[in-house]
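Engineer: Quick one: the structure is below, questions incoming.
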Amino acid sequence: MPPIWLVFVAVAALCAGVVGSAHAAWQPNRPVEFIVPAGTGGGADQMARVIQGIVAKHNLMPTPLVVINKSGGAGGEGFLDIKAARANPHKLIITLSNLFTTPLATGIPVSWKDMTPVAMMALDEFVLWVNAESPIKTTADYIAAIKAAPAGKMKMGGTGSKQEDQIITVAIEKILGTKMTYVPFRGGGEVAVQLVGNHIDSTVNNPIEAVAQWRAGKLRPLCVFDRVPLPVTDKIAGDQAWSDIPTCKSQGLDMEYLMLRGVFMPAGVTREQVQYYADLLKKVRETPEWQQLMRDGAFNQTFMTGAEYAAWVDTEEKRHRQLMQEAGFLAAN
Amino acid sequence: MEEFAHLFHGFAIVLQPYNIMLMCIGILLGVIIGVLPGLGGANGVAILLPLTFSMSPTSAIIMLSCIYWGALFGGAITSILFNIPGEPWSVATTFDGHPMAQQGKAGEALTAAFTSSFIGALFAVIMITLLAPLVAKFALQFGPAEKFSVFFLAFCSFIGMGKEPPFKTLASMMIGFALAAVGLDSVTGNLRLTFGFTELLNGFDFLIAVIGLFGIGEILLTMEEGLSFRGRAAAINPRVVWETWKELPRYWKTSLSSCLIGCWMGISPAGATPASFMSYGIAKRTSRNGAKFGTGQIEGVVAPETAAHAAGTSALLPMLALGVPGSPTAAVLLGGLLIWGLQPGPLLFVEQTEFVWGLIASMYLGNLVGLIIVLTCVPLFAAILRIPFSIIGPVILVFCAIGAYTVHNSAFDVIMMLVFGVLGYLLKKCNYPLAPMVLAIVLGDKAEEAFRQSLLISQGSLGVFFSNGLVGTIMGLGLVALFWHLIQTGFSRLRHMVA
Amino acid sequence: MNKPELGPLQRSVEFGTAVAMVAFGALVIVGSVQAGISWGAEGPRSGFFPFLIGLAIILSSAINLVQCVRSPQAGLFVEWAQLRQVVAVIIPTTVYVVSVGWVGLYLPSMLLIGGFMIWFGKYKPIHAIAVAVGVMAVTYVTFEWWFLVPLPKGPVEEWFGL
C-alpha cells in the first residue's frame, strides 16, 4: 500500500493539472476595468458602454466589465493610468484619435507603445456639414464661399482643441490657402446644435453626432472625408442616404481622415491574455446590437487585431505627428 | 389638445405594474446614489445604464429617469444633515439647510427641500407638456455669448450679498477661479498651472473641493466644539411633514421665481447649478427675511431646491428635442437613447410618441412617487443625527474619502480632500466666505470657455456681449444685480440725507 | 487684555492666511506666465485669465493683510485645548488619506472608524470592531457588487482575492 502522502501528492498533482489546463485558455478572474479617456456621453464613452452592455447581456465574460471615465488632460489621465498598470490583464482602454493627439499637443509622456493593441473595433467617419438654410448647397459652393469671405470670417465648430476636428480644419485651410476661425466646444452634440442655431458656419461632425439634425432637415451634409462613399444605403433624409454623400476628394477637398475606435491593454501582458480579449471583441462585433450601432453611426467597419493592427497604429501615429507639426500644434517642449 | 391625448396614453403606459415597479426601484436606487458622495446622478445613471439594455426603451428610460429624480432628492439629504453636498446644485441647499439641522430642525429642512424639489419638477414638467416645441426653439438661440451672459448673471446675482468683508469675498472667489483654471485649457488644448504634475491634469474637481471644504471642515469645527453634533437634540416628530407643509405656502413668491429661474436655466442649457445659486441669491435680496439667510431659514432651502429641480427636469427637454444634454446626467441618458436605437432630435417627438410621452408621464408620476417615498423616510433620515458623533464622525470621514476617490478613481484626490478640509476650517474661522469659492470652482472654467468662444466668433470684439436683444438683456440684468448693493446703499443714503 | 497663552491669536492666524494667499497668487501668476498671458489673434491665450486672477488674489489679500494689521487685538483664534482636539483628528486622517493610496481603502478605514470610537467615544473594542467591519462590509457590497465601482485595494485585499 502506498504511503498516504503519496496519495496526497497524486491528488494535488491532478488538481494542479486541472487548474493548469483551465488556465491555459486564460480568463479574467476579477472585474475588468474598461477605461474611457473621455467624458461621459461622448462617442468613445457610448461605444464602451455598448460593449459593456453586450458583454453583460450575452454573458461573454465570467467577470463584469466596468466602465471608468478618466478624461483629465484631454484623456492623458486615462493613458497614464494604463501606462502605470503594466502587465495588469484586468484593464482595457478604448481610444479615439486623442491617443495620438494628446501626447503631441500637451507633452504628456505616453504613446501607444506603452500599451498593447488588442483590436480595432471600427473607424469613425467625418462629414462636412452646413446649416440646411445656408445658400451653400455643394462642396464647390462651400469652397467658393470660404475663398470669397475675408480670412477668419468663416467659423468652423468642432470638438476639443488640437484634436481631430481642428486637424481637419487646418487641412482644409491649407488646401484652400485661406483661414477660418476654429471654435472648440465640449461635445459633438453641442457642436451640431450650434450649427443649427447658426452660431457657426460649418462643422466636421461624426455621422452619429449630426444624424438626428440631418433627418429633421436642419443640417446638410456636403462631403465625407473618406476614400470611398459610405456604405449604408438606408434612407435618412427624404430620398438621401449616407451613401449619397460624395467624397470630399471627388469634390476638390483632397483630405481623408478616419478616427480610430480601438481597444488597447497595458504593456507586458501575455499573448493568451491579448488573444482572450481579441476573441471577446470579435464575439461582440457579431451581436445584432453592435450591428445596429454600426448602421446608426455609419461607421467604417474595419476590424484588425495583432500585428496588422499594430502596424496600422504605427502609420497613423506618424501621420498625426506630421499633420500636427504642419498645423503647429506640437507642445512647446 | 392632441398633446393631452398623447399624455393620457403615456400615463397608461407608465401605470403598467411592471413600469411602476421599475419606477420605485429607480427612485430608491437614485436616493442611495444621491446620498453616497461621489456617486452622483451622472455616475449612477452611467453605471446602471447597461442593466437596462434588455428592457424596452420606454421601460428603460422610466427607470433611468427615476434614478435621476431619486438622486436629485437624495443630494439634499447629505447637504442638510452633514453639510456635504453630493452634487453641485445641492451646495446652495447647505447654506440654510445645515444650520437648520444644527438647530434641531432637520426634519423641517428635509421636508421643505423634498417638497420644493417636487414643486420645481412639477412646474418644469407642466411647462414641457405645454410648450415643448416653443422651448426647443428658444434653446437654439443660445450660442457661446448668450451662455456666458447667463454665467455672468449667476455670478452677479450671487456676489456682494454676504456679511463678510468684501475683500475676503473677492479673495475667496478668485482662489476658486484659479483652482478651476488648473488642468487642460479646453480652448487652446494646452495644459496650464499643472507645473508638470500629472496629478493635476484633471484640475480640481468641484466635488473634491466641496467634500473637503464643507464636509471635512464641518467635522473639524465639530471636534473643536467638543464632539457634540449640534443636531443631536433633534426630536423625531412624525408630524413634522404636516407642520412644515402648513408653513410652506407662505413662500409662494420665492417658489414661483425659483421655478421660473430653474426652467430658464435648464433650457438654456446652463444647468441646475447656476440656477440654484442664482435663485438663492435673488431670494435673499427680494425676501423680507433676506437678511437672516444663512442662519437656517426655510426659505433659503426652498429657493435653491426648487430651482435645481426645475432646471434638472427641464434640462431633459433640450436633450430630447435637440440632442444637447443640459446636464451631465442628461448626457448619459442621451448615450442611452442612442444605444436603444432612438435618435434624440427634432423628430423624436413625431416618430416616437409612445416613448416621449411615456417619459413625460413618468416625470409626473416618478416625482410623485419619489416625494412620497422620501417624505415617509424624513424621520428616519433625521434620526441619523442622533447617532453619537464618535461613531458617525469617522464614518462620514470614510465616506468622504470614498466620494473623493470615486470622482476620478484617484488616490491623490483623497489627499487633496483633506487639504481642502483643513483649508475650509481655517478660512471659515478667519471669516472668509466659502460659497463664492465653490461657485467659482463649479462655473469658473465654463464661464471662461464661453467667454473665449464668444471672442473667437466675434474675432476679438467685446461688442458680441451686447450684439442682440437676448444677450444684451441678460448682461444688463447681470450688471444691475452686480451693482444692486451700491444702488440700494445709494438710495438709502440719499434718503438719510434728505431726512 | 487677553491672555496669549490660551491659544493662537485670531490676528496672527489671519495674518498667516493672508500671506499664504499672496504666495498662492504669486504661484498662479508664475504658472500663467508659463502658459502665455498675451492676447493673441484668437482671443486671450491660456494664461491670460489666470494671470488676472493671480493679480486679484494678491491685491485682495494685500488689502486683507493691511486691514488685519490695523485691526485691534481681536481675541483668540481658538483655545489650545480645542486646537488639540482638532489636530487629534487631522493627524490620524492625514495618515489615513496617505495610506489609502498604498494599502487600499478597506483596512485603513476600519482602523480609522474603530480607533476613533475607542479613543474618543470610549467604546468597548468589541463594539468598535463590529461597527468598523460592518460598515466596510456594507460599503464593499454596495460599491463593488451592486454598483460595480472598484475602490482602491492593497496587498491585503489582493491576498484575499477580492
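The values are calculated or read from the model by the stated rules, or taken from the named source; none is laboratory data. Since the model is a prediction, treat every value here as computed from it, not as a measurement. Cβ coordinates were reconstructed from backbone atoms using ideal geometry, including for glycine residues, and neighbour counts include every protein chain displayed.
Engineer: Right, A:F303: within 18 Å of the chain's Cα centre (by Cα), modelled with pLDDT of 95 or more, of a type in the set (A, V, I, L, M, F, W, C) and closer than 20 Å to A:T95 by Cα or not?
Structural biologist: no
Engineer: Can you give me the number of residues within region C:116-139 that are modelled with pLDDT under 90 and either more than 10 Å from chain B (Cβ to nearest Cβ) or in a loop (DSSP other than H, G, I, E, B) (or both)?
Structural biologist: Residues meeting the conditions: 3.
Engineer: If you don't mind, there's one more thing I want to ask. Could you tell me which of the residues B:A154, B:A181 is of a type in the set (G, A, S), within 9 Å of another protein chain (Cβ to nearest Cβ) and buried (at least 24 other Cβ atoms within 10 Å of the Cβ)?
Structural biologist: B:A181
Engineer: Quick test for you: out of B:K147, B:K168, pick the one residue that is farther than 30 Å from B:P388 by Cα and either within 23 Å of the chain's Cα centre (by Cα) or within 12 Å of chain A (Cβ to nearest Cβ) (or both).
Structural biologist: Details: B:K168 fails: either within 23 Å of the chain's Cα centre (by Cα) or within 12 Å of chain A (Cβ to nearest Cβ) (or both).
Exactly one of B:K147, B:K168 is farther than 30 Å from B:P388 by Cα and either within 23 Å of the chain's Cα centre (by Cα) or within 12 Å of chain A (Cβ to nearest Cβ) (or both), namely B:K147.
Engineer: I'm trying to understand the selection: among the residues of region A:187-199, which are more than 7 Å from chain B (Cβ to nearest Cβ) and more than 20 Å from A:Y257 (Cα to Cα)?
Structural biologist: Listed by number, the residues that qualify are A:L195, A:N198.
Engineer: Next question, about the same structure. Looking at this structure, is B:M417 more than 9 Å from chain C (Cβ to nearest Cβ) and not small (G, A, S)?
Structural biologist: no
Engineer: Also, I was wondering about something else. Just to be sure before I move on: is B:I211 more than 14 Å from chain A (Cβ to nearest Cβ) and buried (at least 24 other Cβ atoms within 10 Å of the Cβ) in the structure I sent?
Structural biologist: Yes, satisfied.
Engineer: Which of the residues spanning region B:431-470 are in contact (Cβ under 8 Å) with a residue 60 or more places away in the chain, more than 20 Å from B:A180 (Cα to Cα) and within 12 Å of chain C (Cβ to nearest Cβ)?
Structural biologist: B:N431, B:L456, B:I457, B:S458, B:V464
Engineer: Also, quick follow-up: Filter region A:61-80 down to residues that are surrounded by 23 or more Cβ atoms within 10 Å (Cβ to Cβ) and over 12 Å from A:A38 (Cβ atoms), then give me how many there are.
Structural biologist: 1
Engineer: Would you pick out the residues in region C:62-77 that are facing chain B (nearest Cβ under 7 Å) and in contact (Cβ under 8 Å) with a residue 24 or more places away in the chain?
Structural biologist: Across region C:62-77, the qualifying residues are C:N64, C:F77.
Engineer: A follow-up question, please. May I ask you to list the residues in region A:145-161 that are surrounded by 13 or more Cβ atoms within 10 Å (Cβ to Cβ) and either more than 14 Å from chain B (Cβ to nearest Cβ) or among the basic types (K, R) (or both)?
Structural biologist: Of everything in region A:145-161, those that are surrounded by 13 or more Cβ atoms within 10 Å (Cβ to Cβ) and either more than 14 Å from chain B (Cβ to nearest Cβ) or among the basic types (K, R) (or both) turn out to be A:A145, A:I146, A:K153, A:K155.
Engineer: Out of curiosity, is B:A481 surrounded by 15 or more Cβ atoms within 10 Å (Cβ to Cβ), more than 9 Å from chain C (Cβ to nearest Cβ), small (G, A, S) and over 20 Å from B:G203 (Cβ atoms)?
Structural biologist: Judged against the criteria, B:A481 is a match.
Engineer: Test A:A237 against the stated conditions and say whether it is modelled with pLDDT under 90, within 20 Å of the chain's Cα centre (by Cα) and of a type outside the set (F, W, Y).
Structural biologist: The answer is no for A:A237.
Engineer: Residue by residue through region A:168-196, note down the ones that are under 19 Å from B:K137 (Cα atoms) and touching a strand residue (DSSP E or B) at 6+ places or on another chain (Cβ under 9 Å).
Structural biologist: A:E190, A:V191, A:A192, A:Q194, A:L195, A:V196
Engineer: Quick check on my filter: what residues within region B:330-346 are under 17 Å from A:E190 (Cα atoms) and at the interface with chain A (Cβ under 7 Å from one of its Cβ atoms)?
Structural biologist: Hits for region B:330-346 are B:A331, B:V332, B:L334, B:G335, B:L338, B:Q343, B:P344, B:G345, B:P346.
Engineer: If you check B:A109, B:A139, B:A132, which single one turns out to be touching a residue at least 60 places away in the same chain (Cβ under 8 Å), within 14 Å of chain A (Cβ to nearest Cβ) and closer than 22 Å to B:L72 by Cβ?
Structural biologist: Exactly one of B:A109, B:A139, B:A132 is touching a residue at least 60 places away in the same chain (Cβ under 8 Å), within 14 Å of chain A (Cβ to nearest Cβ) and closer than 22 Å to B:L72 by Cβ, namely B:A139.
Engineer: Something else about it: Looking only at region C:26-46, how many residues end up being in contact with a helix residue (DSSP H, G or I) (Cβ under 6 Å, 6 or more places away or on another chain), more than 8 Å from chain B (Cβ to nearest Cβ) and modelled with pLDDT of 90 or more?
Structural biologist: Adding up the residues that qualify gives 1.
Engineer: Name the pairs: first residue in region C:47-61 and more than 7 Å from every other protein chain (Cβ to nearest Cβ), second residue of a type in the set (K, R) and buried (at least 20 other Cβ atoms within 10 Å of the Cβ), Cβ to Cβ under 9 Å, at least 6 apart or on different chains?
Structural biologist: Once the first residue is more than 7 Å from every other protein chain (Cβ to nearest Cβ) and sits in region C:47-61, its partners that are of a type in the set (K, R) and buried (at least 20 other Cβ atoms within 10 Å of the Cβ) give C:F48/B:R452.
Engineer: Name the residues in region B:359-392 that are part of a helix (DSSP H, G or I), surrounded by fewer than 23 Cβ atoms within 10 Å (Cβ to Cβ) and not hydrophobic (A, V, I, L, M, F, W, C), would you?
Structural biologist: If the condition is that a residue be part of a helix (DSSP H, G or I), surrounded by fewer than 23 Cβ atoms within 10 Å (Cβ to Cβ) and not hydrophobic (A, V, I, L, M, F, W, C), then B:Y364, B:T376, B:P379, B:R386, B:S390 are the ones that fit.
Engineer: Could we say that B:S314 is among the hydroxyl-bearing types (S, T, Y), at pLDDT below 85 and either within 15 Å of B:P99 (Cα to Cα) or crowded, with 22+ Cβ neighbours inside 10 Å (or both) here?
Structural biologist: no
Engineer: Same structure, new question: So in region A:72-123, with the set limited to residues that are more than 14 Å from the chain's Cα centre (by Cα) and among the hydroxyl-bearing types (S, T, Y), which one is nearest to A:R186 (Cα to Cα)?
Structural biologist: A:T106
Engineer: Scan region B:167-206 for residues that are among the aliphatic types (A, V, I, L, M), in a helix (DSSP H, G or I) and closer than 29 Å to C:I63 by Cα and report the count.
Structural biologist: Looking only at that region, the number is 9.
Engineer: Take the residues in region B:419-436 that are surrounded by 24 or more Cβ atoms within 10 Å (Cβ to Cβ) and in contact with a Ser or Thr (Cβ under 7 Å, 6 or more places away or on another chain); name whichever of them is farthest from B:E199 (Cα to Cα).
Structural biologist: Among residues in region B:419-436 that are surrounded by 24 or more Cβ atoms within 10 Å (Cβ to Cβ) and in contact with a Ser or Thr (Cβ under 7 Å, 6 or more places away or on another chain), the one farthest from B:E199 (Cα to Cα) is B:Y432.
Engineer: Same structure again: Right, C:W80: more than 10 Å from every other protein chain (Cβ to nearest Cβ) and either touching a residue at least 12 places away in the same chain (Cβ under 8 Å) or surrounded by fewer than 17 Cβ atoms within 10 Å (Cβ to Cβ) (or both) or not? Write out each step before concluding.
Structural biologist: On the way: more than 10 Å from every other protein chain (Cβ to nearest Cβ): yes; either touching a residue at least 12 places away in the same chain (Cβ under 8 Å) or surrounded by fewer than 17 Cβ atoms within 10 Å (Cβ to Cβ) (or both): yes.
Considered against the rule, which asks whether it is more than 10 Å from every other protein chain (Cβ to nearest Cβ) and either touching a residue at least 12 places away in the same chain (Cβ under 8 Å) or surrounded by fewer than 17 Cβ atoms within 10 Å (Cβ to Cβ) (or both), C:W80 comes out as yes.
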